[in-house]
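Note sheet for the following structure.
Any read-out appearing in this document is the output of simple, stated calculations on the displayed coordinates, not a laboratory observation. Here the structure is a predicted model, which means the values were calculated and not measured. Positions of Cβ are backbone-derived with ideal geometry, glycine not excepted, and every protein chain shown enters the neighbour counts.
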């Protein structure tokens, strides 16, 4: 699936991210998602809005922010 800035997604947080208050998860198609505002929410499903999409030869990664 193609993801774009502004898309709303749901992702389960697998682990803490490298930045402050970040969580990392994967979408069903294995797209990596870094979610700002999801630190400390491992194992939880969060609603987030896509901020940016980075495409590489290996696939896409998404930066998203939790919905207020």
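Among residues of the stretch 14-30 that are on the phi > 0 side of the Ramachandran plot, those with a beta-carbon under 7 Å from a residue that is surrounded by 15 or more Cβ atoms within 10 Å (Cβ to Cβ) and not in a strand (DSSP E or B) at least six positions away or on a different chain give the pairs 21/37; 21/39.
For the stretch 31-58, residues that are free of Cβ contacts under 8 Å to residues at least 24 places away in the same chain and assigned to a strand (DSSP E or B) total 3.
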